[in-house]
Each structure stands twice: as C-alpha cells, then as structure tokens.
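Visitor: Would you mind keeping the following structure in view while I ask a few things?
Readers should treat all values here as calculations from the given coordinates under stated rules, not as data from a laboratory. Just so we're clear, the structure is a prediction, and the values are computed from it rather than from any experiment. Every residue, glycine as well, gets a Cβ built from its backbone with ideal geometry; the counts of neighbours run over all protein chains shown.
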Amino acid sequence: MLPTSIDPPARLLMGPGPINADPRVLRAMSSQLVGQYDPAMTGYMNETMALYREVFRTANEATLLVDGTSRAGIEAALVSLIEPGDRVLVPIFGRFGHLLREIAERCGAEVHVIEREWGSVFTTAELERAILDAQPKLVAIVHGDTSTTVAQPLAELGQLCARHGVLLYTDTTASLGGNTFELDAWGVDVATAGLQKCLAGPSGSAPITLSPAAVEVVNSRKSVEAGIRVTGDAVSAEPIRSNYFDLSQILDYWGPKRLNHHTEATTMLYGARECARILVEEGLANAVERHRLHGTAMVTGLLALGLTVFGDQSVRMNNVVGVHIPDGVGDAAVRGAMLHDYGIEIGTSFGPLAGRVWRIGTMGYNARRDTVLTTLATFEQVLRRAGHPVTAGSGVGAALDFYGE
Ligand SMILES: Cc1ncc(COP(=O)(O)O)c(C=O)c1O
C-alpha cells in the first residue's frame with residue numbers, strides 16, 4: 001500500500017537541535033528550481049556568499065556552502081587542509097571534538113590530542129603548551145560543543161595560532177548566530193556551520209569560510225578533473241583525498257570560473273540564503289542578544305523548578321543548557337511524556353552524560369519568550385508526575401520575573 005503523504009506531527013523542538021525551522025526558510029525552500037548556470041542561480045550563489053560573510057563576520061572571498069549536513073562542512077575543511085602526515089592538534093572537550101579527531105585521522109594526519117573534562121574548556125596556557133609540544137600545521141577545535149553545552153573562547157587561541165604560524169579551524173555548527181563569533185577579529189582561518197541550530201533552518205547545507213592563507217593551502221593541491229580539464233589547468237600528484245569535498249574544485253564552481261563540480265543543491269541554497277537573510281536583517285549582535293535573553297530566562301526557570309545546571313556556567317552557550325536529571329526520575333519517561341503528551345522535544349545526552357543530563361535548547365526560530373514559558377510550564381507538570389517535588393508555577397514565575405527585569 002502507498003504510504004500516506006508526509007504530515008508530521010506538530011512538535012515544538014526544544015532540544016539541542018534540530019529546532020523548528022523559521023517559516024520564511026520553509027517558504028523559500030518551496031520555490032521552483034532554476035538551472036545550475038541560470039543567471040538567477042549564480043546570482044543567488046553570489047548573494048549567499050555575501051550574506052554568509054556577514055554571518056561569519058569576515059571579509060573572506062572564499063565564503064560559500066558545502067552540500068550536506070554540518071559534518072560535510074567539517075570533512076570538506078579537514079580533508080582539503082590536511083595532507084597525509086601533517087601534524088594536527090585537536091583539543092577535545094566533548095563529543096564533537098572526538099569527531100574532529102576521527103576525521104583528521106581518516107585524512108591521514110598525525111593527530112595530537114589534549115582533552116578536558118566535559119563541561120569545561122581549555123585555558124589559553126593549556127592551548128599554548130599543546131601548540132608548542134605538537135608544533136602542528138593546523139589546530140582543529142569545536143567552538144560550542146553541543147554535547148556539553150559550553151563554548152571554547154577563541155579570541156586568544158586565534159592570536160596564539162597567528163603567533164606560531166598555525167592554521168586555525170573551528171566548527172561553529174551549534175554556536176553561530178546565537179553566540180558572539182568574530183572570525184576575522186579573532187584570527188580564525190576556517191569555520192564551518194550548519195543551519196539546524198541558531199540559523200533556524202533544516203540540516204543539509206554547511207556554510208563555510210576560508211581565509212586567503214587557507215585557500216592557498218587548499219589550492220596548492222588543486223587538481224582539475226579529467227573531462228572538464230583544459231590545457232594549463234592544475235593537476236596535482238597529491239590531490240585532495242576526496243573528490244566531493246575537494247574545496248579547490250568547489251571554490252572554482254562558486255568563483256568566477258564556474259567550473260562544473262557537483263550540481264548545487266538548489267533548494268538547500270534557497271533555505272541557507274533565507275537563514276542568513278533573517279540573521280542579517282535582525283543584526284548579528286541583536287540575534288546573539290536574543291539568544292542570551294531567552295537562554296537565560298530558560299535557565300532561571302529551570303533553577304526555580306529545583307533543577308541544577310551542568311557545566312561551567314561562565315562559558316555556557318546562550319542557546320543550550322544542560323540540567324542534571326534528578327535522582328529517581330526516569331530520563332526516557334520524562335522525555336517521552338514531554339513529547340507524547342505535550343508535543344515538546346527536549347534532548348538526552350551522549351557518552352559520559354548519557355542518562356545524567358537533559359539538554360534544553362532555545363535557539364534560532366525557537367529562541368522566543370512563548371516557547372520558553374510553554375516549555376517551563378509543561379516541564380513542571382511532567383516533573384511533578386515523575387515524582388520530582390516542584391512548587392506550582394515556580395518555573396514560569398521565575399522566567400516572567402526575569403523578563404520583567
Ligand atoms: C558542534 C556540532 N558539530 C557537528 C555536528 C554534526 O552536524 P550534522 O549532524 O548536521 O552533520 C553537530 C550536530 O549536532 C554539532 O552540534
């Protein structure tokens with residue numbers, strides 16, 4: 001029998017992402033396709049590049065989209081920057097640091113790792129020590145690690161990397177748009193992101209930006225594919241180890257040459273362009289402040305419900321908070337009741353935090369007062385039924401008092 005047409009249940013997604021997409025993004029994504037080289041399409045590509053320069057706060061010409069989820073952006077960055085045998089330093093403070101290490105290893109890098117307990121971040125001294133010890137070509141680090149809800153400060157690391165002649169790559173999938181990020185001012189060479197968190201879109205497109213120094217590294221191994229290659233085009237003896245994620249070729253597709261590579265994912269580009277338009281229209285500083293405001297209101301309400309928060313709060317991301325699951329309260333039962341009785345999704349955790357911490361997001365389209373109050377009101381009911389003592393109205397009341405201030 002033919003399955004029914006798609007009609008997803010109504011959900012309020014208040015976990016660590018994905019979150020509900022902004023309806024503007026969904027409307028943009030329902031627009032009809034145009035051809036790959038239609039002037040309208042290449043015009044949209046150029047506009048998207050300009051918009052993401054504003055989002056990443058950079059003047060980098062090489063600012064574009066990699067087709068695929070955030071992980072595609074990470075792979076494209078690392079496989080294009082790393083030559084087998086290169087030394088790479090990966091400071092790990094959560095699940096996604098482990099992902100960077102894993103990808104760097106698959107790229108053939110000699111990977112050096114330092115680790116921090118989940119919920120904390122590195123000091124500048126620790127990072128400098130590791131750079132001096134490893135003498136890497138590249139430092140690859142997550143900005144905000146969703147798995148732990150904390151963000152590594154990067155401004156000083158950027159200075160350190162510049163001083164030691166090291167390239168700096170960072171994964172801003174979970175932080176961009178909701179937390180201050182200043183690519184040029186901080187001296188970050190390459191950053192990648194995704195749409196499904198503070199950018200208010202679906203997963204499936206990975207914005208990326210590369211400094212001129214990073215572009216030089218990438219282009220040093222450029223190899224134009226047979227079939228489109230003409231006399232004089234670069235052919236490398238050691239080409240980038242992935243064709244799909246070969247940024248030297250992808251840059252030629254997005255640049256004035258418009259050299260054919262993949263067929264740009266048109267509908268995703270419409271969505272990514274609208275995500276950036278929304279942020280730029282709001283103003284990046286205003287968007288960060290909106291995430292700070294509603295994120296803090298959520299924390300205030302959760303504390304008033306008698307919950308305790310996880311991790312170093314001085315470096316907590318604006319858009320996601322971890323709360324300890326109270327003793328005697330069932331993780332899956334609470335999340336199940338939130339979802340099935342009220343249509344609200346909150347997140348579980350991975351690795352050492354699995355079964356110990358819930359993660360609650362206020363990000364992108366869902367960083368709003370009504371979503372915060374609805375989630376707190378619901379959580380109170382569910383926690384009470386699960387046996388956690390709560391004072392009636394305490395969470396919503398505390399959040400309203402906070403907003404009142
Ligand atoms: C910090 C971070 N990096 C990478 C990813 C992977 O993103 P994706 O699932 O879009 O590939 C995520 C997903 O949650 C993330 O939070």
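Visitor: Is any helix in the chain, taking whole DSSP H runs, at least 20 angstrom long along its axis by alpha carbon and on average at least -0.5 on the Kyte-Doolittle scale, and which ones?
Guide: Flagged H segments are 39-56, 266-282, 284-304, 369-385.
Visitor: Tell me which residues come under 5 Å, amide H to amide H, from V66 once H is placed; ignore anything under 5 positions away on its chain.
Guide: Sorted by chain and number, the residues that satisfy this are A206, I208.
Visitor: For a test of the definition: using alpha carbon positions, the gyration tensor, and the 1.5 limit on a/c, classify region 258-354 as rounded, prolate or oblate. List each step's numbers first, then the result.
Guide: Values: a/c = 2.43, a/b = 1.71, b/c = 1.42.
Prolate shape, in that a/c is at least 1.5 and a/b is the bigger ratio.
Visitor: In terms of modelled amide H atoms, which long-range or inter-chain residues lie less than 5 Å from the amide H of V357?
Guide: Correct list: I325, S349.
Visitor: Of all beta bridges DSSP finds with both residues in the chain, what is the antiparallel percent, to the nearest 5?
Guide: Within the chain, antiparallel bridges account for around 50 percent of the total.
Visitor: Can you put C275, C198, C161, C107 in order of Cβ neighbours within 10 angstrom, beginning with the fewest?
Guide: The most exposed by this proxy come first: C107, C161, C275, C198.
Visitor: Dividing the convex hull volume of the alpha carbon atoms of region 119-176 by its residue count, what do you get in Å³ per residue?
Guide: 76 Å³
Visitor: Now, a different point. Can you bin region 1-112 into rounded, prolate or oblate? Criterion: square roots of the alpha carbon gyration tensor eigenvalues sorted a ≥ b ≥ c, rounded for a/c under 1.5, prolate for a/b above b/c, oblate for the rest.
Guide: Values: a/c = 2.08, a/b = 1.38, b/c = 1.51.
Note, shape of region 1-112 comes out oblate.
Visitor: What size of dipole, in debye to the nearest 20, comes out for the chain about its Cα centre when the only charges are +1 on Lys and Arg C-beta atoms and -1 on Asp and Glu C-beta atoms? Intermediate values should be presented prior to the final figure.
Guide: Working: 33 positive and 44 negative charges, 111 e Å.
The dipole of the chain has a size of about 540 debye.
Visitor: Also, I was wondering about something else. Calculate I(q)/I(0) for region 284-404 by the Debye formula, one identical point scatterer on each C-alpha and no solvent, and give its log10 at q = 0.23 Å⁻¹ to two decimals.
Guide: Log10 I(q)/I(0), no solvent term: -1.50.
Visitor: Cα gyration tensor of region 19-280, axes a ≥ b ≥ c as square roots of the eigenvalues: rounded (a/c below 1.5), prolate (a/b > b/c) or oblate? Intermediate values should be presented prior to the final figure.
Guide: On the way: a/c = 1.99, a/b = 1.22, b/c = 1.63.
The shape class here is oblate.
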